Amino acid sequence: MVTPLSQLTTAALMTALTVISGYIFLPVGPVPITMQTCIVLISGAVLGGRWGALSQLVYLGMGLIGLPVFAGGRGGPGIVLSPTFGYIIGFVFAALITGRYLERYSDRSVRRITTAIFLGQVAIWSCGLLYLTLYFNIIIDKSTSWYTILTIGLLPFLPFDAVKIALAVSVTLSVYRYVRPPRSEPNQ
């Protein structure tokens, strides 16, 4: 039986893993490549939408109050004015979407898990690219085309994200062998 304490403990673990994975990064332009997206997607798949999103909200809150949890040890409210903030916001939506999708189906096939994790990744890309557009065109007032935004904020990430998606699917399948997958609760 899944208890609230076990969910809380696992959510705290996923928050901690998101923090740790932010210290594994490759600086490529204004947005670094990190292992965080892999952990975020796993958090949604393993915890379900609500608890997965909560684990990422805690991560976001920790960073906004100044703890050095964001990629490369950054933290503080100034992150809101950085080009990476949209991707960080996307973490919450990615965990929520990944988890909610999987909660809707009893079939936990590779195809179903891959679809859920890919949808979560699309949420990260979408939030990140929208905010990157806002960052360049409004925050720093540098007129930037969608082509440039895609070149900066998506294309360099695609090969790495494909590997992270495959890794997240593999880890999720392994976890499901030992832990009962989350299900949608009737009162939600």
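What follows is calculated from the coordinates using simple rules that are stated; it is not laboratory data. All values derive from a computational prediction rather than experimental measurement. So basically every Cβ, Gly included, is an ideal-geometry build from the backbone, and we count neighbours across all protein chains shown.
Given the options 155, 60, 129, state which has the largest fluctuation in a GNM of the chain using a 10 Å cut-off (strictly under) for Cα springs. Of the options given, 155 has the highest mean-square fluctuation. Using only the C-alpha atoms, the convex hull of region 142-181 corresponds to 81 Å³ per residue. 3J(HN,Hα) along region 125-133: 4, 4, 4, x, 5, 5, 6, 4, 4 Hz, from the Karplus curve 6.51 cos²θ - 1.76 cosθ + 1.60 with θ = phi - 60°, whole Hz, x for Gly and Pro. Once Rg and the Kirkwood radius are both taken over the C-alpha atoms of region 1-70, their ratio Rg/Rh works out to 1.02.
Of the chymotrypsin sites (Phe, Trp or Tyr not before Pro) found in region 100-188, those that fall in a DSSP loop while having at most 15 other beta-carbon atoms within 10 Å are 105. Ranked by how many other Cβ atoms sit within 10 Å of their own Cβ, fewest first, the residues 92, 69 fall in the order 92, 69.
Backbone amide hydrogens, once placed in the peptide plane, bring residue 33 within less than 5 Å of 26, 28, excluding anything fewer than 5 places away on its chain. If only the Cβ of Lys and Arg carry +1 and only the Cβ of Asp and Glu carry -1, the dipole of region 74-116 around its Cα centre is close to 120 debye. Shown in residue order for region 36-47 are the 3J(HN,Hα) couplings computed by the Karplus curve 6.51 cos²θ - 1.76 cosθ + 1.60 at θ = phi - 60°: 4, 4, 4, 5, 4, 5, 5, 4, x, 5, 8, 8 Hz (x for Gly and Pro). Would you mind classifying region 31-119 by shape? Square roots of the alpha carbon gyration tensor eigenvalues, ordered a ≥ b ≥ c; an a/c under 1.5 is rounded, otherwise it is prolate if a/b is larger than b/c and oblate if not. Prolate is the answer for region 31-119, as a/c is 1.5 or above and a/b outweighs b/c.
Dipole magnitude for the chain: computed about the Cα centre from +1 point charges on Lys and Arg Cβ and -1 point charges on Asp and Glu Cβ, it is near 420 debye.
For the chain, the calculated P(r) over all alpha carbon pairs, in 5 Å bins from 0 to the bin holding the longest distance, is 1, 9, 17, 21, 19, 15, 9, 5, 2, 1, 0 percent.
A Förster radius of 25 Å, combined with the Cβ-Cβ distance separating residue 175 from residue 57, puts the computed FRET efficiency at roughly 0.70. Here the contact order of the chain, divided by its residue count and restricted to Cα pairs under 8 Å and six or more residues apart, works out to 25 percent. Among the trypsin sites (Lys or Arg not before Pro) in region 123-188, those placed in a DSSP loop whose Cβ has at most 12 other Cβ atoms within 10 Å are 142.
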